[in-house]
Amino acid sequence: MLVTAFFLSLVILALSVLVILHPRVPLNFVRIHVGISGLPPFIALLNLVVKRTNGIFGPWHLDPLAWLTALFVLTIGVVVQRYSVRQLFGNRNYRQYFALLTLTTVSASLAWLSNNLGLLLVCWGATLLLLTLLIRLNRDWRVSSVAAARSGRLFALSWLLLLFAVAWLAFTTGHWQLSLALTKGSLAQLGYGERTCITLLLVVAVAIPAAQYPFQRWLVDSVVVPTPVSAVMHAGVVNAGGIILTRFAPIFSGDLAQVVLIVISSISVLLGTGTVLVQVDYKRQLVGSTISQMGFMLIQCALGAYLAAIIHAVLHGLFKSALFLQAGSAVHHNHQATRTTTPKTSFLWRFAGGVLGLFVGVGFWFIVKDKGYDVVSALLLGWSVSFAWSQLMTMGLGRIGRTVGFTLFIGTFIVFGIVLAVFYVLLHGSVPQGNEPHTLPIVLILFILSIGSVTGAWLSHHPSSTVFAVVYLWLVRFGEPHRDSVESHPTYLAATRFQGGRTRWMKH
């Protein structure tokens with residue numbers, strides 16, 4: 001019953017899109033449309049909680065992972081549309097924007113609900129096409145058209161690679177149903193070379209929409225789009241790599257594909273972090289952060305930590321979408337801030353934070369010591385605890401400031417534990433556990449990240465060196481869009497005003 005209600009709500013939502021596009025329908029109907037958009041995620045939430053809706057229903061694979069991704073995608077879509085009702089009011093493409101945004105989130109959610117490989121390809125291809133049209137929303141602006149064309153070419157390449165991988169898998173195993181094609185018996189028909197080629201195709205196919213090096217420029221160019229479009233990109237589009245690799249987890253166990261994905265993702269983590277540090281434009285800082293975070297997510301997939309990757313994808317999508325929607329509040333007036341510091345006390349508190357981080361990391365390792373990727377998880381958790389402690393407890397704000405910081409630290413730690421527990425309960429049994437990774441991928445990750453950390457520490461202590469200047473300028477260029485994707489002034493607005501004035505003169 002709930003499954004039927006969910007798909008029926010999507011049909012109603014699609015009909016609402018047709019009503020919006022009719023020029024005689026008042027624009028106030030957009031508010032009704034946004035209300036209708038809240039129905040599918042609500043029903044998806046009910047399906048996620050009610051375990052009886054799990055299983056194969058025709059071409060659909062309706063397990064908790066599918067319902068969670070659908071809920072995630074559609075919820076961000078509703079929030080962004082509600083935000084856009086006033087934010088984009090007056091835009092000449094107002095109706096088309098809501099229609100494209102709705103269809104993008106609907107097609108993305110259907111892609112992750114699909115059990116049929118052909119249906120998955122169609123829905124994912126439609127998502128990429130609709131996202132390209134959203135980037136080209138202001139088609140009278142040359143910069144927007146150029147960014148859309150460049151993104152569209154990369155999206156087409158990504159989709160074709162996914163098509164080749166899916167077709168190869170289906171024709172070899174004889175099954176177009178994902179649940180049947182990924183069984184042990186079906187995968188046994190694949191030779192080592194075929195399996196490696198399919199996984200390499202999947203790696204490149206997911207690296208492009210995830211904006212991983214060297215495919216990151218499309219996301220940098222896309223900062224010209226309206227801010228709500230940037231927010232909705234994180235609704236199962238930019239972070240789709242983690243979902244795709246999780247769905248194809250049984251086949252993704254080749255050493256070569258692991259190494260390639262780890263190298264690409266680790267480099268992207270370092271370069272994305274560097275972009276955040278050198279860029280002054282707020283949206284480009286967010287883009288650099290996305291590149292880095294998607295790199296971490298794909299590293300988790302490469303190591304077989306698919307549950308961690310899904311949690312990362314969902315939480316990062318929600319957090320980054322919120323940051324894009326509040327991008328307008330990022331500009332502050334110049335003001336002088338004073339801060340008193342107590343060096344001795346700060347050093348002691350920092351030392352305590354380091355010890356606490358080490359204790360948490362080691363404790364986590366001994367508690368969940370069963371997979372190789374737990375080494376990386378323990379290091380990241382320990383570093384995160386130490387960093388959070390240093391930011392909240394060593395700012396030199398006195399006893400009251402440290403009391404507030406300690407309260408926030410404890411509260412954040414508790415919320416973090418609750419969120420992990422909820423995700424584990426909801427997704428237990430539906431997210432596959434990866435095979436035990438070999439030592440080489442783990443050592444490779446630690447080596448690349450260690451080299452990056454040591455290099456960053458050395459550069460921070462030698463800001464006047466030639467190497468610092470070269471690296472700084474290279475990172476600035478890395479985070480810059482193509483020249484034809486930048487315009488000092490949106491000249492299409494001036495042309496629009498001229499055409500509008502001429503039209504009014506002719507009417508008189």
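List of remarks:
- Matching option when the condition is among the charged types (D, E, K, R) and more than 23 Å from the chain's Cα centre (by Cα), among ARG92, ARG153: ARG92
- Counting the residues of segment 76-93 that are in a helix (DSSP H, G or I) and in contact (Cβ under 8 Å) with a residue 40 or more places away in the chain gives 11.
- Residue that is modelled with the lowest pLDDT [pool: residues in segment 53-101 that are open to solvent by 50 Å² or more (accessible area, probe 1.4 Å) and of a type in the set (Lys, Arg)]: ARG92
Yes/no matrix, rows are residues, columns are (1) at pLDDT 90 or above; (2) touching a Pro at 6+ places or on another chain (Cβ under 9 Å); (3) assigned to a helix (DSSP H, G or I); (4) buried (at least 23 other Cβ atoms within 10 Å of the Cβ):
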position: VAL106; (1), (2), (3), (4): yes, yes, yes, yes
position: ASP140; (1), (2), (3), (4): no, no, no, no
position: SER151; (1), (2), (3), (4): no, no, yes, yes
position: TRP159; (1), (2), (3), (4): yes, no, yes, no
position: LEU163; (1), (2), (3), (4): yes, no, yes, no
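- In segment 433-464, residue modelled with the highest pLDDT [restricted to those that are outside any helix (DSSP H, G or I), in contact with a Leu (Cβ under 9 Å, 6 or more places away or on another chain) and surrounded by 14 or more Cβ atoms within 10 Å (Cβ to Cβ)]: GLY434
- The condition of being open to solvent by less than 10 Å² (accessible area, probe 1.4 Å), modelled with pLDDT under 85 and either under 29 Å from GLY429 (Cβ atoms) or assigned to a helix (DSSP H, G or I) (or both) holds for only one of VAL276, VAL259, VAL229, that being VAL229.
- Enumeration of residues in segment 384-431 that are assigned to a loop (DSSP other than H, G, I, E, B), modelled with pLDDT of 70 or more and of a type in the set (Gly, Ala, Ser): GLY429, SER430
- Search result, residues across segment 2-52 that are open to solvent by 80 Å² or more (accessible area, probe 1.4 Å) and touching a Ser or Thr at 6+ places or on another chain (Cβ under 9 Å): ILE32, PHE42
- Consider segment 465-483 and keep the residues that are part of a loop (DSSP other than H, G, I, E, B) and at pLDDT 75 or above. The one that is most open to solvent (accessible area, probe 1.4 Å) is GLU480.
- Only a single criterion out of (1) at pLDDT 85 or above; (2) open to solvent by less than 20 Å² (accessible area, probe 1.4 Å) is not satisfied by LEU129, namely (2).
- Yes/no for GLN293 being at pLDDT 80 or above and within 10 Å of the chain's Cα centre (by Cα): yes
- Complete set of residues in segment 57-75 that are β-branched (Val, Ile, Thr) and farther than 13 Å from TRP112 by Cβ: THR75
- Tally of residues being of a type in the set (Ser, Thr, Tyr) and surrounded by 24 or more Cβ atoms within 10 Å (Cβ to Cβ) across segment 108-125: 1
- Residues of segment 121-154 classified as touching a residue at least 60 places away in the same chain (Cβ under 8 Å), in contact with a Ser or Thr (Cβ under 9 Å, 6 or more places away or on another chain) and not polar (S, T, N, Q), total: 13
- Residues that are more than 28 Å from PHE98 (Cβ to Cβ), in a helix (DSSP H, G or I), open to solvent by less than 10 Å² (accessible area, probe 1.4 Å) and not small (Gly, Ala, Ser) do occur in segment 304-318, at least one of them.
- Tallying residues that are among the β-branched types (Val, Ile, Thr) and farther than 30 Å from VAL476 by Cβ within segment 177-231 yields 4.
- Hits in segment 5-23 - residues which are at pLDDT 85 or above and of a type outside the set (A, V, I, L, M): PHE6, PHE7, SER9, SER16
- Of all residues in segment 279-303 being out of contact with any Pro (no Cβ under 7 Å at 6 or more places or on another chain) and not in a helix (DSSP H, G or I), the one that is surrounded by the fewest Cβ atoms within 10 Å (Cβ to Cβ): VAL280
The values are calculated or read from the model by the stated rules, or taken from the named source; none is laboratory data. Quantities reported herein were computed from a predicted structural model and do not represent experimental measurements. All Cβ positions, glycine included, derive from the backbone under ideal geometry; neighbour counts span all protein chains shown. Remember, those area values only see protein heavy atoms, side chains included, never the ligands or the DNA or RNA. Shrake-Rupley method; radii C 1.70, N 1.55, O 1.52, S 1.80 Å.
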